[in-house]
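> There's a structure below that I have some questions on.
The values are calculated or read from the model by the stated rules, or taken from the named source; none is laboratory data. Keep in mind the model is a prediction, meaning the values are calculated, not measured. Reconstructed Cβ throughout: ideal geometry from the backbone, glycine too, with neighbour counts over all protein chains shown.
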Amino acid sequence: GESVGLHLPTLSVQEGDNSIINCAYSNSASDYFIWYKQESGKGPQFIIDIRSNMDKRQGQRVTVLLNKTVKHLSLQIAATQPGDSAVYFCAENPGNQFYFGTGTSLTVIP
Amino acid sequence: DGGITQSPKYLFRKEGQNVTLSCEQNLNHDAMYWYRQDPGQGLRLIYYSQIVNDFQKGDIAEGYSVSREKKESFPLTVTSAQKNPTAFYLCASTKAGGLGLETQYFGPGTRLLVL
């Protein structure tokens, strides 16, 4: 099966700082990626996506970077707020189905 | 207010019992999916349906069954054959059928516990 992993299981940041969450994927054929945010006891919430023909995509306070050479995906959150505290996980799709990472738990310290 | 709803939020199953989890969407999406989420693991695909009256097994279909009689509904039954059913179950949908480059949107989930 697919293996989508995260470098760090937990991340703590000060409120107002920038957060960077990383994801390594294993299938070089993956051409679509999504970052999700999941709060405790709730369903995953779509944050941002990127296709393999792009290196960078920006949303509101979030940026996703894709490095296909090393099969690495990152999510950057600017000016992190307490409401950003959650588990973040990436998903890759090589064209047949989505494969999901285990997630990084982000804690924002007020 | 469009979205995906799942019910109940919590469900308790006795040994040997079949239980059914509900998933409804009013997004007019063609495809619907069921995932299982366990601590420390990524989501795993149980079943998916690309169109009404058709569905396919995912990676961990054993002990589960589904139906897709209506476009907006995709119930999941956890049968007594599923020996480790305790998990968080997530329903998702995509606009188009298939498992390709479509954004998946998730419901709020159902937590299943065994008594």
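> Which one is surrounded by the fewest Cβ atoms within 10 Å (Cβ to Cβ), of the residues in the stretch B:15-31 that are assigned to a strand (DSSP E or B) and at pLDDT 95 or above?
If we take residues in the stretch B:15-31 being assigned to a strand (DSSP E or B) and at pLDDT 95 or above, then B:Thr20 is surrounded by the fewest Cβ atoms within 10 Å (Cβ to Cβ).
> Looking only at strands (runs of 3 or more DSSP E) that fall completely inside chain A, which ones have 1 or more residues that are free of Cβ contacts under 8 Å to residues at least 24 places away in the same chain and crowded, with 18+ Cβ neighbours inside 10 Å?
The strands (runs of 3 or more DSSP E) meeting that bar are A:45-51.
> Give the stretch B:37-48 a look and list any residue that's within 11 Å of chain A (Cβ to nearest Cβ) and touching a residue at least 12 places away in the same chain (Cβ under 8 Å), or say none.
Within the stretch B:37-48, B:Gln37, B:Asp38, B:Leu43, B:Arg44, B:Leu45, B:Tyr48 meet the criteria.
> Now for a different question. So which of A:Asp31, A:Asp84, A:Asp49 is in contact with a Leu (Cβ under 8 Å, 6 or more places away or on another chain), acidic (Asp, Glu) and within 16 Å of B:Thr103 (Cα to Cα)?
Details: A:Asp84 fails: within 16 Å of B:Thr103 (Cα to Cα); A:Asp49 fails: in contact with a Leu (Cβ under 8 Å, 6 or more places away or on another chain).
None of the others qualify; the one that does is A:Asp31.
Rundown of residues vs (1) on the phi > 0 side of the Ramachandran plot; (2) polar (S, T, N, Q); (3) at pLDDT 95 or above, yes/no style:
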site: A:Val62; (1), (2), (3): no, no, yes
site: A:Tyr88; (1), (2), (3): no, no, yes
site: A:Asn93; (1), (2), (3): no, yes, no
site: A:Phe100; (1), (2), (3): no, no, no
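> Test each condition in (1) of a type in the set (D, E, K, R); (2) more than 13 Å from every other protein chain (Cβ to nearest Cβ); (3) surrounded by fewer than 15 Cβ atoms within 10 Å (Cβ to Cβ) for B:Lys57 and report the one that comes out false.
(2)
Let's see how each residue does on (1) modelled with pLDDT of 95 or more; (2) crowded, with 22+ Cβ neighbours inside 10 Å; (3) within 11 Å of the chain's Cα centre (by Cα); (4) closer than 21 Å to A:Tyr99 by Cα:
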| site | (1), (2), (3), (4) |
| --- | --- |
| B:Pro75 | yes, no, yes, no |
| B:Ala81 | no, no, no, no |
| B:Leu90 | yes, yes, yes, yes |
| B:Glu102 | no, no, no, yes |
| B:Phe106 | yes, yes, yes, yes |
| B:Leu115 | no, no, no, no |
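> Give me a count of the residues in the stretch A:32-47 that are under 15 Å from the mean Cα position of the chain (by Cα) and either more than 7 Å from chain B (Cβ to nearest Cβ) or among the hydroxyl-bearing types (Ser, Thr, Tyr) (or both).
Final tally of qualifying residues: 9.
> Sticking with this one: Just for the stretch A:85-104: of the residues that are closer than 20 Å to A:Ser12 by Cβ and facing another protein chain (nearest Cβ under 10 Å), which one is farthest from the chain's Cα centre (by Cα)?
A:Thr102
> Yes or no: the stretch A:61-80 includes at least one residue that is among the aliphatic types (A, V, I, L, M) and within 13 Å of another protein chain (Cβ to nearest Cβ).
No, the stretch A:61-80 contains no residue that is among the aliphatic types (A, V, I, L, M) and within 13 Å of another protein chain (Cβ to nearest Cβ).
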